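The values are calculated or read from the model by the stated rules, or taken from the named source; none is laboratory data. Values in this document were obtained by computation on a predicted structure and should not be read as measured data. Cβ placement follows ideal geometry from the backbone for every residue including glycine, while neighbour counts extend to all protein chains displayed. Protein only, heavy atoms only, side chains kept; ligands, DNA and RNA dropped before computing areas. Shrake-Rupley method; radii C 1.70, N 1.55, O 1.52, S 1.80 Å.
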There are 2 protein chains.
Amino acid sequence: MHIHEFQEMMRRLYFHRDNERGVKGTYNWLADELGELGEALKANDKEAAEKEFADVIAWLTSLANITGIDLERATINKYSDKCPKCQQSPCQCTF
Amino acid sequence: MHIHEFQEMMRRLYFHRDNERGVKGTYNWLADELGELGEALKANDKEAAEKEFADVIAWLTSLANITGIDLERATINKYSDKCPKCQQSPCQCTF
């Protein structure tokens, strides 16, 4: 599934709800989901981690919807087959 | 671009580096990137926010790589044209 297609699906499912909640509230939900992903990874629970990865990308995408950002375009603009910092593939950054 | 294609690009660019850093360290970088997205949104800086959205999905995807998770499959398994909680489209959850 294209990132853009997923963003459109999230728009159909959640735009009304997340737009009403607003950017700050939706960002806070996303931050909570990232915390849950961290817990699943710490517990080494792969099944739970898969669901939490899905939740993080879902909330991130819905947040992009309510802020008017095309997530696929933003992603490709920054990451297009080379590291945006060192311009190499694979990345050769030393940090 | 498919989510899976993006994950493969992230693998070529960053797997060696992020796998060496490990799950905890890479998760912490992802959390930092989410913080930067929050700052860009708070400042209402759309150009910065686009770059931070890209960074968050990039780090999330690289984290999925080093934990052996197929992000597109995990995402479609949970979100497939209806809300996983209320089973409706659009979502009718009341929380």
> What tally of residues in the stretch B:1-19 results from selecting those that are within 21 Å of A:Glu39 (Cα to Cα) and either of a type in the set (A, V, I, L, M, F, W, C) or open to solvent by 40 Å² or more (accessible area, probe 1.4 Å) (or both)?
Replying inline: 1
> So is A:Thr61 within 25 Å of B:Val23 (Cα to Cα), in a helix (DSSP H, G or I), of a type outside the set (Lys, Arg) and under 17 Å from the mean Cα position of the chain (by Cα) or not?
Replying inline: yes
> In the stretch B:35-55, how many residues are surrounded by 18 or more Cβ atoms within 10 Å (Cβ to Cβ), over 17 Å from A:Thr26 (Cβ atoms) and of a type in the set (Gly, Ala, Ser)?
Replying inline: 1
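Each row is one residue, and each column tells you yes or no for (1) over 21 Å from B:Arg12 (Cα atoms); (2) open to solvent by 60 Å² or more (accessible area, probe 1.4 Å); (3) in contact with a Ser or Thr (Cβ under 9 Å, 6 or more places away or on another chain); (4) modelled with pLDDT under 95.
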| site | (1), (2), (3), (4) |
| --- | --- |
| A:Glu33 | yes, no, no, no |
| A:Ile57 | no, no, yes, no |
| A:Ile66 | yes, no, yes, no |
| A:Cys83 | no, no, yes, no |
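Does B:Ile76 count as facing chain A (nearest Cβ under 8 Å), modelled with pLDDT of 95 or more and part of a loop (DSSP other than H, G, I, E, B)?
Considered against the rule, which asks whether it is facing chain A (nearest Cβ under 8 Å), modelled with pLDDT of 95 or more and part of a loop (DSSP other than H, G, I, E, B), B:Ile76 comes out as no.
Here's the yes/no breakdown for (1) more than 9 Å from chain A (Cβ to nearest Cβ); (2) farther than 20 Å from A:Glu47 by Cα:
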{"position": "B:Glu20", "(1), (2)": "yes, yes"}
{"position": "B:Asp32", "(1), (2)": "yes, yes"}
{"position": "B:Gly35", "(1), (2)": "no, yes"}
{"position": "B:Asn65", "(1), (2)": "yes, no"}
